[in-house]
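For reference, the structure is listed below as C-alpha coordinates.
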Amino acid sequence: LQTSCVQMASLAVLLMFLSAAMATNAAAVRVGLTRIHSNPDVSATEFVRDALRRDMHRHARFTRELASSGDRTVAAPTRKDLPNGGEYIMTLAIGTPPLSYPAIADTGSDLIWTQCAPCGSQCFKQAGQPYNPSSSTTFGVLPCNSSVSMCAALAGPSPPPGCSCMYNQTYGTGWTAGIQSVETFTFGSTPADQTRVPGIAFGCSNASSDDWNGSAGLVGLGRGSMSLVSQLGAGMFSYCLTPFQDANSTSTLLLGPSAALNGTGVLTTPFVASPSKAPMSTYYYLNLTGISIGTTALSIPPNAFALRTDGTGGLIIDSGTTITSLVDAAYQQVRAAIESLVTLPVADGSDSTGLDLCFALTSETSTPPSMPSMTFHFDGADMVLPVDNYMILGSGVWCLAMRNQTVGAMSTFGNYQQQNVHLLYDIHEETLSFAPAKCSTL
(Lines give C-alpha, C1' and ligand atoms only; values in the text may rest on other atoms or scores of the structure.)
Protein backbone atom coordinates (compact mmCIF):
# COMPACT_ATOMS: atom_id res chain seq x y z
CA LEU A 1 0.00 0.00 0.00
CA GLN A 2 1.33 3.43 -0.91
CA THR A 3 1.41 6.26 1.65
CA SER A 4 -1.53 7.81 -0.19
CA CYS A 5 -3.48 4.72 0.87
CA VAL A 6 -4.81 4.16 -2.63
CA GLN A 7 -5.95 0.56 -3.02
CA MET A 8 -6.04 -0.33 -6.72
CA ALA A 9 -8.58 -3.11 -6.25
CA SER A 10 -12.15 -3.84 -7.06
CA LEU A 11 -14.85 -1.76 -5.41
CA ALA A 12 -16.29 -3.63 -2.45
CA VAL A 13 -18.31 -1.82 0.19
CA LEU A 14 -19.15 -3.92 3.21
CA LEU A 15 -21.06 -1.58 5.51
CA MET A 16 -23.99 -3.45 7.06
CA PHE A 17 -27.19 -1.80 8.20
CA LEU A 18 -26.72 -0.19 11.61
CA SER A 19 -29.93 -0.82 13.54
CA ALA A 20 -33.13 -2.85 13.63
CA ALA A 21 -35.13 0.32 13.07
CA MET A 22 -33.39 0.90 9.77
CA ALA A 23 -34.10 -2.67 8.71
CA THR A 24 -37.77 -2.11 9.47
CA ASN A 25 -37.80 0.88 7.14
CA ALA A 26 -36.74 -1.42 4.30
CA ALA A 27 -40.17 -3.07 4.45
CA ALA A 28 -41.72 -0.09 2.69
CA VAL A 29 -39.22 0.26 -0.15
CA ARG A 30 -40.87 0.17 -3.57
CA VAL A 31 -38.91 1.24 -6.64
CA GLY A 32 -39.94 1.52 -10.28
CA LEU A 33 -37.72 -0.11 -12.91
CA THR A 34 -37.57 1.10 -16.49
CA ARG A 35 -35.85 -0.81 -19.27
CA ILE A 36 -32.99 0.91 -21.03
CA HIS A 37 -34.41 1.77 -24.43
CA SER A 38 -33.11 5.10 -25.62
CA ASN A 39 -34.62 4.96 -29.09
CA PRO A 40 -38.32 3.98 -29.41
CA ASP A 41 -37.86 3.47 -33.17
CA VAL A 42 -35.51 0.53 -32.64
CA SER A 43 -37.14 -2.77 -33.60
CA ALA A 44 -37.47 -5.63 -31.14
CA THR A 45 -34.87 -7.70 -32.96
CA GLU A 46 -32.39 -4.81 -33.12
CA PHE A 47 -33.00 -4.28 -29.44
CA VAL A 48 -32.22 -7.92 -28.68
CA ARG A 49 -29.21 -7.87 -31.02
CA ASP A 50 -27.63 -5.01 -29.09
CA ALA A 51 -28.52 -6.60 -25.77
CA LEU A 52 -27.01 -9.89 -26.95
CA ARG A 53 -23.79 -8.11 -27.87
CA ARG A 54 -23.78 -6.72 -24.34
CA ASP A 55 -24.37 -10.18 -22.94
CA MET A 56 -21.39 -11.54 -24.84
CA HIS A 57 -19.10 -8.89 -23.31
CA ARG A 58 -20.53 -9.74 -19.90
CA HIS A 59 -20.04 -13.49 -20.27
CA ALA A 60 -16.55 -13.03 -21.68
CA ARG A 61 -15.74 -11.15 -18.49
CA PHE A 62 -17.35 -13.90 -16.37
CA THR A 63 -15.10 -16.43 -18.10
CA ARG A 64 -11.95 -14.38 -17.52
CA GLU A 65 -12.85 -13.92 -13.86
CA LEU A 66 -13.46 -17.62 -13.42
CA ALA A 67 -10.07 -18.43 -14.93
CA SER A 68 -8.20 -16.02 -12.65
CA SER A 69 -8.00 -17.12 -9.03
CA GLY A 70 -6.72 -13.74 -7.88
CA ASP A 71 -9.27 -11.59 -9.72
CA ARG A 72 -11.77 -9.89 -7.43
CA THR A 73 -13.47 -7.81 -10.12
CA VAL A 74 -17.18 -7.61 -9.39
CA ALA A 75 -19.40 -8.22 -12.42
CA ALA A 76 -21.40 -5.31 -13.78
CA PRO A 77 -22.87 -4.41 -17.16
CA THR A 78 -20.72 -2.25 -19.42
CA ARG A 79 -22.01 0.47 -21.71
CA LYS A 80 -19.67 0.71 -24.69
CA ASP A 81 -21.17 1.66 -28.08
CA LEU A 82 -24.44 -0.14 -27.33
CA PRO A 83 -27.32 2.34 -27.39
CA ASN A 84 -30.13 -0.10 -26.61
CA GLY A 85 -29.60 -2.55 -23.76
CA GLY A 86 -31.68 -5.09 -21.94
CA GLU A 87 -30.94 -3.90 -18.43
CA TYR A 88 -33.15 -2.00 -16.00
CA ILE A 89 -32.85 1.45 -14.46
CA MET A 90 -33.94 2.27 -10.90
CA THR A 91 -34.17 5.79 -9.56
CA LEU A 92 -32.85 6.59 -6.11
CA ALA A 93 -31.96 9.79 -4.32
CA ILE A 94 -28.60 10.40 -2.67
CA GLY A 95 -27.60 12.91 0.01
CA THR A 96 -29.20 15.64 2.11
CA PRO A 97 -31.05 17.33 0.56
CA PRO A 98 -31.81 14.26 -1.61
CA LEU A 99 -31.22 14.50 -5.35
CA SER A 100 -32.42 11.76 -7.73
CA TYR A 101 -30.15 9.72 -9.98
CA PRO A 102 -30.83 6.79 -12.34
CA ALA A 103 -28.77 3.65 -11.78
CA ILE A 104 -28.58 0.17 -13.30
CA ALA A 105 -30.23 -2.47 -11.07
CA ASP A 106 -28.12 -5.62 -11.29
CA THR A 107 -28.52 -8.95 -9.47
CA GLY A 108 -25.17 -10.04 -10.91
CA SER A 109 -23.04 -7.66 -8.82
CA ASP A 110 -22.72 -6.30 -5.28
CA LEU A 111 -21.23 -2.86 -5.71
CA ILE A 112 -23.12 0.43 -5.51
CA TRP A 113 -21.61 3.49 -7.17
CA THR A 114 -22.47 6.77 -8.85
CA GLN A 115 -20.55 9.54 -10.59
CA CYS A 116 -19.48 12.34 -8.29
CA ALA A 117 -18.37 15.93 -8.80
CA PRO A 118 -15.79 17.14 -9.50
CA CYS A 119 -16.10 15.10 -12.67
CA GLY A 120 -14.06 16.20 -15.66
CA SER A 121 -13.13 14.79 -19.04
CA GLN A 122 -12.77 11.26 -17.70
CA CYS A 123 -16.45 10.98 -16.79
CA PHE A 124 -19.18 9.65 -19.06
CA LYS A 125 -22.14 11.76 -20.10
CA GLN A 126 -25.27 11.50 -18.00
CA ALA A 127 -28.61 13.30 -17.81
CA GLY A 128 -28.27 16.01 -15.19
CA GLN A 129 -25.31 16.89 -13.02
CA PRO A 130 -23.30 14.28 -11.11
CA TYR A 131 -23.88 13.95 -7.38
CA ASN A 132 -21.86 16.59 -5.50
CA PRO A 133 -20.68 15.45 -2.04
CA SER A 134 -19.90 19.03 -0.99
CA SER A 135 -23.61 19.89 -1.32
CA SER A 136 -24.75 17.17 1.08
CA THR A 137 -24.70 17.41 4.88
CA THR A 138 -24.66 13.60 5.30
CA PHE A 139 -21.70 12.63 3.09
CA GLY A 140 -18.78 10.81 4.69
CA VAL A 141 -15.56 9.15 3.57
CA LEU A 142 -14.49 5.69 4.72
CA PRO A 143 -11.01 5.85 6.32
CA CYS A 144 -8.43 3.24 5.36
CA ASN A 145 -8.62 1.46 8.72
CA SER A 146 -12.40 1.36 8.89
CA SER A 147 -13.73 -2.15 9.51
CA VAL A 148 -15.85 -1.76 6.40
CA SER A 149 -13.03 -0.54 4.15
CA MET A 150 -11.30 -2.92 1.78
CA CYS A 151 -8.13 -0.96 2.45
CA ALA A 152 -8.12 -1.95 6.14
CA ALA A 153 -6.00 -5.09 5.75
CA LEU A 154 -3.37 -3.24 3.68
CA ALA A 155 -3.38 -0.02 5.68
CA GLY A 156 -2.30 -1.74 8.91
CA PRO A 157 -3.10 -0.62 12.46
CA SER A 158 -1.59 2.85 12.03
CA PRO A 159 -2.31 4.32 8.59
CA PRO A 160 -1.27 7.89 7.85
CA PRO A 161 -3.67 10.53 9.24
CA GLY A 162 -6.53 11.33 6.89
CA CYS A 163 -5.96 8.20 4.82
CA SER A 164 -8.96 7.42 2.60
CA CYS A 165 -9.71 4.24 0.68
CA MET A 166 -9.60 4.73 -3.07
CA TYR A 167 -10.64 2.20 -5.73
CA ASN A 168 -10.10 1.57 -9.40
CA GLN A 169 -12.77 -0.87 -10.58
CA THR A 170 -11.97 -2.58 -13.87
CA TYR A 171 -14.60 -4.20 -16.08
CA GLY A 172 -14.36 -6.21 -19.29
CA THR A 173 -14.42 -3.12 -21.51
CA GLY A 174 -14.22 -0.22 -19.08
CA TRP A 175 -13.48 1.03 -15.60
CA THR A 176 -14.51 3.44 -12.86
CA ALA A 177 -12.46 4.98 -10.05
CA GLY A 178 -13.13 7.05 -6.95
CA ILE A 179 -13.36 6.94 -3.19
CA GLN A 180 -15.27 4.65 -0.81
CA SER A 181 -17.90 6.73 0.96
CA VAL A 182 -21.10 6.64 3.03
CA GLU A 183 -24.29 8.58 2.46
CA THR A 184 -28.03 8.74 3.13
CA PHE A 185 -30.05 7.14 0.32
CA THR A 186 -33.73 7.80 -0.33
CA PHE A 187 -35.82 5.10 -2.01
CA GLY A 188 -39.32 5.22 -3.46
CA SER A 189 -40.97 6.68 -6.54
CA THR A 190 -43.49 8.91 -4.76
CA PRO A 191 -43.34 10.93 -1.49
CA ALA A 192 -45.75 8.48 0.13
CA ASP A 193 -43.47 5.55 -0.71
CA GLN A 194 -40.17 7.17 0.21
CA THR A 195 -37.81 5.74 2.80
CA ARG A 196 -34.59 7.50 3.91
CA VAL A 197 -31.74 5.21 4.97
CA PRO A 198 -28.49 6.61 6.43
CA GLY A 199 -25.10 4.95 6.35
CA ILE A 200 -25.20 3.27 2.94
CA ALA A 201 -21.68 2.51 1.71
CA PHE A 202 -21.10 3.34 -1.95
CA GLY A 203 -18.46 4.28 -4.46
CA CYS A 204 -18.12 7.95 -5.30
CA SER A 205 -16.63 7.82 -8.81
CA ASN A 206 -14.96 10.83 -10.42
CA ALA A 207 -13.36 9.04 -13.36
CA SER A 208 -14.91 6.40 -15.60
CA SER A 209 -14.79 5.07 -19.12
CA ASP A 210 -17.70 4.31 -21.40
CA ASP A 211 -21.26 5.55 -21.66
CA TRP A 212 -23.52 3.84 -19.13
CA ASN A 213 -26.61 4.35 -21.29
CA GLY A 214 -28.34 7.19 -19.49
CA SER A 215 -27.63 5.97 -15.97
CA ALA A 216 -25.42 7.65 -13.38
CA GLY A 217 -24.00 4.43 -11.94
CA LEU A 218 -25.02 1.02 -10.67
CA VAL A 219 -26.85 -0.59 -7.75
CA GLY A 220 -25.74 -4.14 -6.96
CA LEU A 221 -28.47 -6.50 -5.77
CA GLY A 222 -26.21 -9.55 -5.55
CA ARG A 223 -25.80 -12.25 -2.95
CA GLY A 224 -22.82 -10.73 -1.12
CA SER A 225 -22.66 -8.57 1.98
CA MET A 226 -21.75 -5.44 -0.01
CA SER A 227 -25.02 -5.33 -2.02
CA LEU A 228 -27.91 -2.98 -1.38
CA VAL A 229 -30.08 -5.88 -0.20
CA SER A 230 -27.52 -6.87 2.44
CA GLN A 231 -26.86 -3.31 3.55
CA LEU A 232 -30.57 -2.66 4.06
CA GLY A 233 -30.97 -5.89 6.00
CA ALA A 234 -34.04 -6.37 3.83
CA GLY A 235 -33.95 -10.16 3.89
CA MET A 236 -35.77 -10.42 0.59
CA PHE A 237 -36.54 -8.56 -2.62
CA SER A 238 -38.76 -9.17 -5.60
CA TYR A 239 -39.22 -7.78 -9.08
CA CYS A 240 -41.63 -8.23 -11.96
CA LEU A 241 -40.39 -7.34 -15.47
CA THR A 242 -42.81 -6.08 -18.10
CA PRO A 243 -42.58 -7.52 -21.64
CA PHE A 244 -39.89 -6.28 -24.02
CA GLN A 245 -42.47 -5.05 -26.52
CA ASP A 246 -44.12 -2.89 -23.82
CA ALA A 247 -41.98 0.25 -23.86
CA ASN A 248 -44.42 2.32 -21.80
CA SER A 249 -45.03 0.33 -18.60
CA THR A 250 -42.82 0.40 -15.51
CA SER A 251 -41.55 -2.74 -13.84
CA THR A 252 -41.51 -3.01 -10.05
CA LEU A 253 -38.77 -3.74 -7.50
CA LEU A 254 -39.78 -4.37 -3.87
CA LEU A 255 -37.33 -4.60 -0.95
CA GLY A 256 -38.14 -6.11 2.46
CA PRO A 257 -41.24 -7.96 3.73
CA SER A 258 -43.47 -6.15 1.24
CA ALA A 259 -41.72 -8.19 -1.46
CA ALA A 260 -43.33 -11.44 -0.27
CA LEU A 261 -45.34 -13.47 -2.79
CA ASN A 262 -48.81 -14.61 -1.73
CA GLY A 263 -51.64 -16.49 -3.37
CA THR A 264 -51.87 -19.56 -5.54
CA GLY A 265 -49.40 -20.63 -8.17
CA VAL A 266 -46.27 -19.66 -6.21
CA LEU A 267 -43.44 -22.18 -6.58
CA THR A 268 -40.11 -22.25 -4.73
CA THR A 269 -36.67 -23.63 -5.51
CA PRO A 270 -33.52 -23.39 -3.33
CA PHE A 271 -30.43 -21.46 -4.31
CA VAL A 272 -27.31 -23.54 -4.77
CA ALA A 273 -24.43 -22.57 -2.48
CA SER A 274 -22.14 -20.18 -4.36
CA PRO A 275 -18.39 -20.71 -4.73
CA SER A 276 -16.47 -18.82 -2.05
CA LYS A 277 -14.27 -17.05 -4.59
CA ALA A 278 -15.30 -13.58 -5.76
CA PRO A 279 -17.01 -12.65 -8.01
CA MET A 280 -18.82 -16.01 -8.27
CA SER A 281 -19.77 -15.70 -4.60
CA THR A 282 -22.24 -12.94 -5.46
CA TYR A 283 -24.28 -14.83 -8.08
CA TYR A 284 -27.64 -16.50 -7.48
CA TYR A 285 -27.13 -20.12 -8.58
CA LEU A 286 -30.09 -22.43 -9.28
CA ASN A 287 -30.31 -26.19 -9.74
CA LEU A 288 -31.76 -26.71 -13.23
CA THR A 289 -32.49 -30.42 -13.66
CA GLY A 290 -34.00 -30.44 -17.14
CA ILE A 291 -35.96 -28.68 -19.91
CA SER A 292 -39.18 -29.75 -21.63
CA ILE A 293 -40.97 -28.43 -24.70
CA GLY A 294 -44.65 -29.17 -24.39
CA THR A 295 -44.85 -32.62 -22.81
CA THR A 296 -41.54 -33.78 -24.28
CA ALA A 297 -38.56 -33.89 -21.96
CA LEU A 298 -35.33 -33.12 -23.81
CA SER A 299 -32.41 -35.55 -23.64
CA ILE A 300 -30.09 -33.38 -21.58
CA PRO A 301 -27.38 -35.06 -19.46
CA PRO A 302 -28.35 -34.92 -15.77
CA ASN A 303 -25.11 -33.16 -14.81
CA ALA A 304 -25.22 -30.59 -17.64
CA PHE A 305 -25.90 -27.70 -15.25
CA ALA A 306 -23.87 -28.96 -12.29
CA LEU A 307 -21.75 -26.41 -10.41
CA ARG A 308 -18.29 -27.92 -10.14
CA THR A 309 -15.96 -27.66 -7.17
CA ASP A 310 -13.56 -25.45 -9.16
CA GLY A 311 -16.34 -22.87 -9.70
CA THR A 312 -17.02 -23.71 -13.33
CA GLY A 313 -20.41 -24.69 -14.70
CA GLY A 314 -23.71 -24.12 -12.93
CA LEU A 315 -26.57 -21.82 -13.85
CA ILE A 316 -27.30 -18.35 -12.45
CA ILE A 317 -30.35 -16.11 -12.69
CA ASP A 318 -29.36 -12.57 -13.63
CA SER A 319 -31.34 -9.37 -14.22
CA GLY A 320 -28.42 -7.80 -16.09
CA THR A 321 -28.25 -10.48 -18.80
CA THR A 322 -30.91 -10.42 -21.51
CA ILE A 323 -30.69 -13.70 -23.40
CA THR A 324 -30.59 -17.06 -21.62
CA SER A 325 -27.41 -18.98 -22.39
CA LEU A 326 -27.24 -22.75 -22.05
CA VAL A 327 -24.35 -25.16 -21.94
CA ASP A 328 -23.86 -26.76 -25.36
CA ALA A 329 -25.32 -30.15 -24.41
CA ALA A 330 -28.59 -28.44 -23.44
CA TYR A 331 -28.67 -25.70 -26.07
CA GLN A 332 -28.30 -28.12 -28.98
CA GLN A 333 -31.25 -30.14 -27.67
CA VAL A 334 -33.43 -27.02 -27.36
CA ARG A 335 -32.36 -25.79 -30.80
CA ALA A 336 -33.07 -29.11 -32.49
CA ALA A 337 -36.49 -29.41 -30.82
CA ILE A 338 -37.57 -25.91 -31.90
CA GLU A 339 -36.33 -26.49 -35.45
CA SER A 340 -38.30 -29.73 -35.67
CA LEU A 341 -41.52 -28.03 -34.57
CA VAL A 342 -41.39 -24.99 -36.89
CA THR A 343 -42.22 -25.57 -40.55
CA LEU A 344 -41.08 -22.11 -41.68
CA PRO A 345 -37.84 -21.91 -43.69
CA VAL A 346 -34.71 -21.35 -41.63
CA ALA A 347 -33.23 -17.87 -42.13
CA ASP A 348 -29.85 -16.34 -41.36
CA GLY A 349 -30.71 -13.83 -38.65
CA SER A 350 -27.21 -13.39 -37.30
CA ASP A 351 -26.80 -9.86 -38.71
CA SER A 352 -30.24 -8.55 -37.74
CA THR A 353 -30.56 -10.27 -34.37
CA GLY A 354 -27.26 -11.91 -33.43
CA LEU A 355 -29.23 -15.09 -32.70
CA ASP A 356 -28.37 -18.56 -33.95
CA LEU A 357 -31.78 -19.99 -34.97
CA CYS A 358 -34.23 -17.84 -36.96
CA PHE A 359 -37.13 -18.54 -39.30
CA ALA A 360 -38.22 -16.43 -42.27
CA LEU A 361 -41.62 -14.75 -42.27
CA THR A 362 -43.32 -13.80 -45.54
CA SER A 363 -46.51 -11.99 -46.46
CA GLU A 364 -48.23 -15.37 -46.51
CA THR A 365 -46.78 -16.44 -43.16
CA SER A 366 -46.55 -13.14 -41.31
CA THR A 367 -48.01 -14.68 -38.15
CA PRO A 368 -45.78 -17.22 -36.38
CA PRO A 369 -47.31 -20.64 -35.80
CA SER A 370 -48.63 -21.79 -32.45
CA MET A 371 -45.98 -23.34 -30.24
CA PRO A 372 -46.08 -25.28 -26.98
CA SER A 373 -44.71 -23.79 -23.79
CA MET A 374 -41.15 -24.45 -22.66
CA THR A 375 -40.62 -25.62 -19.08
CA PHE A 376 -37.46 -25.14 -17.04
CA HIS A 377 -37.40 -27.85 -14.38
CA PHE A 378 -35.73 -26.38 -11.32
CA ASP A 379 -35.20 -28.32 -8.11
CA GLY A 380 -38.74 -28.69 -6.73
CA ALA A 381 -40.34 -26.09 -9.05
CA ASP A 382 -41.17 -25.89 -12.75
CA MET A 383 -41.16 -22.52 -14.52
CA VAL A 384 -43.41 -22.59 -17.58
CA LEU A 385 -42.44 -20.14 -20.32
CA PRO A 386 -44.99 -19.13 -22.97
CA VAL A 387 -43.73 -18.83 -26.52
CA ASP A 388 -43.29 -15.04 -26.18
CA ASN A 389 -40.68 -15.73 -23.48
CA TYR A 390 -38.44 -17.88 -25.66
CA MET A 391 -39.10 -16.65 -29.24
CA ILE A 392 -38.58 -13.08 -30.52
CA LEU A 393 -40.41 -11.58 -33.50
CA GLY A 394 -39.30 -8.76 -35.75
CA SER A 395 -37.62 -7.62 -38.98
CA GLY A 396 -39.16 -10.45 -40.99
CA VAL A 397 -37.72 -13.22 -38.80
CA TRP A 398 -38.83 -15.23 -35.79
CA CYS A 399 -35.92 -16.36 -33.62
CA LEU A 400 -35.09 -18.54 -30.64
CA ALA A 401 -34.15 -16.03 -27.93
CA MET A 402 -31.42 -18.21 -26.43
CA ARG A 403 -27.76 -18.79 -27.14
CA ASN A 404 -24.99 -21.33 -26.73
CA GLN A 405 -22.73 -20.82 -23.75
CA THR A 406 -18.96 -20.60 -23.81
CA VAL A 407 -17.28 -23.86 -22.89
CA GLY A 408 -16.54 -23.96 -19.15
CA ALA A 409 -18.53 -20.83 -18.30
CA MET A 410 -21.76 -20.75 -16.33
CA SER A 411 -25.16 -20.87 -17.98
CA THR A 412 -27.42 -17.89 -17.32
CA PHE A 413 -31.18 -17.49 -17.07
CA GLY A 414 -31.68 -14.04 -18.59
CA ASN A 415 -34.32 -11.34 -18.20
CA TYR A 416 -35.99 -12.01 -21.57
CA GLN A 417 -37.15 -15.32 -20.12
CA GLN A 418 -38.24 -13.54 -16.91
CA GLN A 419 -40.92 -11.37 -18.57
CA ASN A 420 -44.26 -11.34 -16.72
CA VAL A 421 -42.91 -13.54 -13.93
CA HIS A 422 -42.92 -12.20 -10.38
CA LEU A 423 -39.65 -13.38 -8.79
CA LEU A 424 -38.87 -13.32 -5.07
CA TYR A 425 -35.28 -13.65 -3.84
CA ASP A 426 -35.43 -14.72 -0.18
CA ILE A 427 -31.98 -14.10 1.24
CA HIS A 428 -32.72 -15.57 4.68
CA GLU A 429 -34.32 -18.77 3.37
CA GLU A 430 -31.87 -19.03 0.44
CA THR A 431 -34.72 -19.62 -2.03
CA LEU A 432 -36.17 -18.23 -5.24
CA SER A 433 -39.98 -18.16 -5.50
CA PHE A 434 -41.92 -17.23 -8.62
CA ALA A 435 -45.39 -17.00 -10.10
CA PRO A 436 -46.78 -15.85 -13.46
CA ALA A 437 -48.06 -12.27 -13.32
CA LYS A 438 -49.10 -9.30 -15.41
CA CYS A 439 -46.22 -7.12 -14.30
CA SER A 440 -47.61 -3.85 -15.65
CA THR A 441 -50.43 -3.99 -13.09
CA LEU A 442 -48.33 -4.46 -9.93
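The values are calculated or read from the model by the stated rules, or taken from the named source; none is laboratory data. Quick caveat, the model's predicted, so the values are computed rather than measured. Please note: Cβ atoms are built from the backbone with ideal geometry, for glycine as well, and neighbour counts cover all protein chains shown. Areas reflect the complete protein model, heavy atoms only, side chains present, ligands, DNA and RNA absent. Shrake-Rupley method; radii C 1.70, N 1.55, O 1.52, S 1.80 Å.
Which of the residues spanning segment 259-300 are touching an Asp or Glu at 6+ places or on another chain (Cβ under 6 Å) and either outside any strand (DSSP E or B) or acidic (D, E) (or both)?
P279, T282, N287 - these are the residues of segment 259-300 that are touching an Asp or Glu at 6+ places or on another chain (Cβ under 6 Å) and either outside any strand (DSSP E or B) or acidic (D, E) (or both).
Yes or no: segment 363-381 includes at least one residue that is assigned to a strand (DSSP E or B) and either surrounded by fewer than 17 Cβ atoms within 10 Å (Cβ to Cβ) or modelled with pLDDT under 85 (or both).
Checked segment 363-381: no residue is assigned to a strand (DSSP E or B) and either surrounded by fewer than 17 Cβ atoms within 10 Å (Cβ to Cβ) or modelled with pLDDT under 85 (or both).
Just the residues that are farther than 17 Å from V182 by Cβ and not in a loop (DSSP other than H, G, I, E, B), please, taken from segment 202-217. It would help to see each step written out before you state the result.
Taking segment 202-217 first, the residues farther than 17 Å from V182 by Cβ are 207-216.
Passing the criteria: A207, S208.
So which residues in segment 256-280 are among the hydrophobic types (A, V, I, L, M, F, W, C) and farther than 24 Å from Y416 by Cβ?
A260, A273, A278
So which residues in segment 308-334 are open to solvent by 10 Å² or more (accessible area, probe 1.4 Å), in contact (Cβ under 8 Å) with a residue 60 or more places away in the chain and not in a loop (DSSP other than H, G, I, E, B), if there are any at all?
D328, Q332
Return a yes/no flag: does segment 249-258 have any residue that is more than 30 Å from F187 (Cβ to Cβ), among the hydroxyl-bearing types (S, T, Y) and assigned to a loop (DSSP other than H, G, I, E, B).
Of segment 249-258, the ones more than 30 Å from F187 (Cβ to Cβ) are none.
No: zero hits.
Working only within segment 255-280, note down all residues that are closer than 19 Å to S109 by Cβ and at pLDDT below 85.
Of everything in segment 255-280, those that are closer than 19 Å to S109 by Cβ and at pLDDT below 85 turn out to be K277, A278, P279.
What do you reckon, is A105 exposed (fewer than 13 other Cβ atoms within 10 Å of the Cβ) and of a type in the set (G, A, S)?
Details: exposed (fewer than 13 other Cβ atoms within 10 Å of the Cβ): no; of a type in the set (G, A, S): yes.
When the stated conditions are applied, A105 does not pass them.
Can you tell me which residues in segment 285-305 are over 21 Å from V342 (Cα atoms), open to solvent by less than 70 Å² (accessible area, probe 1.4 Å) and within 26 Å of the chain's Cα centre (by Cα)?
The answer is Y285, L286, N287, L288, G290, A304, F305.
Can you run down the residue pairs with Cβ atoms below 7 Å, 6 or more apart or on separate chains, where the first is in segment 337-359 and among the charged types (D, E, K, R) and the partner is part of a loop (DSSP other than H, G, I, E, B)?
Sorted first by the residue in segment 337-359, then by its partner, the pairs are E339/L357.
Those residues that are small (G, A, S), outside any strand (DSSP E or B) and open to solvent by less than 10 Å² (accessible area, probe 1.4 Å), I need them from segment 410-442; list them, please.
Of everything in segment 410-442, just one residue is small (G, A, S), outside any strand (DSSP E or B) and open to solvent by less than 10 Å² (accessible area, probe 1.4 Å), namely G414.
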